[in-house]
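Here's the structure we're looking at; comments come further down.
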Amino acid sequence: MTRRLLVVEDEEHLSDALKLNFEAEGFDVVVTADGQLAIEAFHKARQENRAFDLVVLDLMLPKKSGYEVCQEIRSADRDAPVLILSARSMVEDRVMAFDVGADQFLQKPFSLSELLARVRNLLARGDLRRDRQPASKATATLKFGQAEVNFPSHEITVRGVPQKLSPLHLQLLQYFAEHDGIVLTREDILNRVWGSSSTASTTRVVDNAVLTLRKMFEDDPSQPRFFQSFRGAGYKFVADPPAEADQNQAGEP
């Protein structure tokens, strides 16, 4: 079955080049040049049972920004892969993109071979998610502290109050839960959750994502018990920490 890609890019020379190269790889490609048209194309495809397998999305767009487009996509489909292509280089731009549900972020200018590799990676991960057997109860649900999380339904309550996390933050939480008590490096987290190798800038994205989890789930985010950091190593999630959590974490964000 031919894979369908939605490319949202307002620079015509770039969108033409992307379309040409994606089609050369055997993809069926639809291109839109503004955010509003992208949202309309996404919903129309779903209504016609021809949903896009992946969205390649610029951030700076006419009418609606890429952030708004990604939010709209996530409100309709929690699992549709979204790959951001943007000239924006600040860590804050990456963090905001991941917060609204992007799966990967590739900065312009980029290598075509890297872009194609990331597209293949995201499609393969989507196939694996659809094909794998339902998760066991141990990995499908999580209870710790005053929080209850149902990963398949994306339902979260903290102290009895419903909460929301972006799909990426939820995936990070599940990855932590599956490695309860194990110290995970930032590089490993990037590779396993974001699907990208680390750089000096992107590793900071992990720190910000962990901070988001701490703010939601910790009684005192400045003294975390569940999401612990270890100098020079990384992070460890502990679902059932001792009454006095080990605080050999000084100096880490």
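The values are calculated or read from the model by the stated rules, or taken from the named source; none is laboratory data. Please read all numbers here as calculations on a predicted model, not as lab measurements. Methodologically, a virtual Cβ is constructed for each residue, glycine included, from the backbone with ideal geometry; neighbour enumeration extends over all protein chains shown.
Within segment 226-239, residues that are under 17 Å from MET216 (Cα atoms) have Cβ atoms under 9 Å from residues that are among the β-branched types (Val, Ile, Thr) and not in a loop (DSSP other than H, G, I, E, B) in these pairs: PHE227/VAL210; GLN228/VAL183; SER229/VAL210; TYR235/VAL183; TYR235/ILE189; TYR235/VAL206; TYR235/VAL210; LYS236/VAL183, counting only partners at least 6 apart in sequence or on another chain.
Of the residues SER86, SER166, SER113, the single one that is modelled with pLDDT of 90 or more and surrounded by 13 or more Cβ atoms within 10 Å (Cβ to Cβ) is SER86. Taking segment 121-149 as the range and being among the hydroxyl-bearing types (Ser, Thr, Tyr), surrounded by 11 or more Cβ atoms within 10 Å (Cβ to Cβ) and either at pLDDT below 65 or touching a Cys at 6+ places or on another chain (Cβ under 7 Å) (or both) as the test, only THR139 passes.
Against the test of being touching a residue at least 40 places away in the same chain (Cβ under 8 Å) and over 17 Å from GLY101 (Cα atoms), the options ARG46, ARG78, ARG3, ARG74 yield a single qualifying residue, ARG3. Is it the case, given these coordinates, that GLY160 is surrounded by fewer than 10 Cβ atoms within 10 Å (Cβ to Cβ), among the small types (Gly, Ala, Ser), at pLDDT 85 or above and more than 16 Å from the chain's Cα centre (by Cα)? Taking the combined requirement at face value, the residue satisfies it.
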